[in-house]
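Structure, as C-alpha cells:
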Amino acid sequence: MNRIAAAPLTLHCAGRPVARYEVHADLGRRSAPRPFLHPVTTLAGIPVTEYAPADHPHHLGVGVAVPDVDGHNFWGGRTYVRGRGPTELDNHGEQRHREFKLRDPDGCVEDLDWIADTRVLLRERRTVAATRLADDAWALDLTFALTNPGHEPVTVGSPATNGRSGAAYGGFFWRAPKESAPPTVRTAGAEGEDAVHGRPADWLALTGDGWTLVFAGATAGTRRDPWFVRTAEYPGVGSSLAAEERLPIAPGDTAVRRIVTVVADGRLDRERTAALVRKAVSA
C-alpha cells in the first residue's frame, strides 16, 4: 500500500468540507480496524458522528462493520458466544484498503479485503459519494458489495443469529454524537426506539440538537433489512444484514447493500423528509 493511496480523503459538497474518509487509521486489533467516515458534518458545520466514544470505543463514525463473518469479528469490542455471555476471543478481523479505483473531491470507489488469520474472507467494492440536496441538506451515498473469493461458502451472522434475542446488528452503521438529551427517532409510521428498532422501513429519521439524519435503503434488498436503533443507551443507527438468520455468500457470489443518508440542519417534518429521501435516492 503506498502513502498516497492510504491518505485520508476529505469529501466536499457545495464547496464545503462535509466528511473525512479515514482509510488507514492507527487502530488496535480489538477495534476491528477498518475504513470509516469521521467527522461528518451538516452544511452548517454541525458534527453528526462520533469516534471511539468511551461507552463503545469500537464505534468509528460511519462505516461497515459486521460482528460475525465465518466466526471472525469485524465489528470490534467483545465477542459474544452463545450461552457464555461476553467472552474475550482473539478473533478480530480487519478490513484492509487495497486501492482507490476512483478518488474525487465528492467521493470515491475503493477496493478492500476482509482479512482474518491471513485469509481473505471477502473482497469488497465500496462507493462513497456526497451530493447536495438543498441549501441545508446533503446526502451521503454508501454502497458496499461483498464478494466471496474462495471455494467454500462464507456466512455473515449477528448476535441474534447466534442465539441472543433482539441483538441483530451488523452492516452499515452510523454512530451519532451523544448529547445532553437522547435524539428522537421516527419512521413514516412509527416513533420511538421501541417502535422502530428491529423493523424495516423505507426511511428512518434521527434528530438531535440542530441536526437530522434520514437513513434510507436505496435497493429492494436493503429495504428488506430491519433497522438497528439505539437512542437511550447511545445514539446509533444501522441496517442489519443478518437479522433473523445467517446470510450465506456462495463462492463467487456478491451481496450488495446501498444506504443513502440525508444530512440536514435543523428538524425536518415528515413531508420534507420524504421529499429529500426521494431526491437523494434518485440522485
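Here are the numbers:
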read-out: Gyration tensor over alpha-carbon atoms, the range 168-207, equivalent ellipsoid semi-axes in Å; value: 17, 15, 9
read-out: 24 Å tail of the calculated P(r), the range 3-282, as % of Cα pairs; value: 46
read-out: The chain - percent relative contact order, Cα under 8 Å, separation 6 or more; value: 17
read-out: Separation of alpha-carbon centers, the range 1-78 and the range 118-134, rounded to whole Å; value: 12
read-out: Cα gyration tensor, the range 157-283 - rounded (a/c under 1.5), prolate or oblate; value: oblate
read-out: Sequence ranges 225-231, 268-274, ranked by mean other-Cβ count within 10 angstrom, highest first; value: 225-231, 268-274
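Every number here is computed from the coordinates shown, using simple stated rules; none is lab data. Note that the coordinates shown come from a computational prediction; the quantities given were computed from them, not determined experimentally. Neighbour counts run over all protein chains shown; Cβ positions are idealised from the backbone, glycine included.
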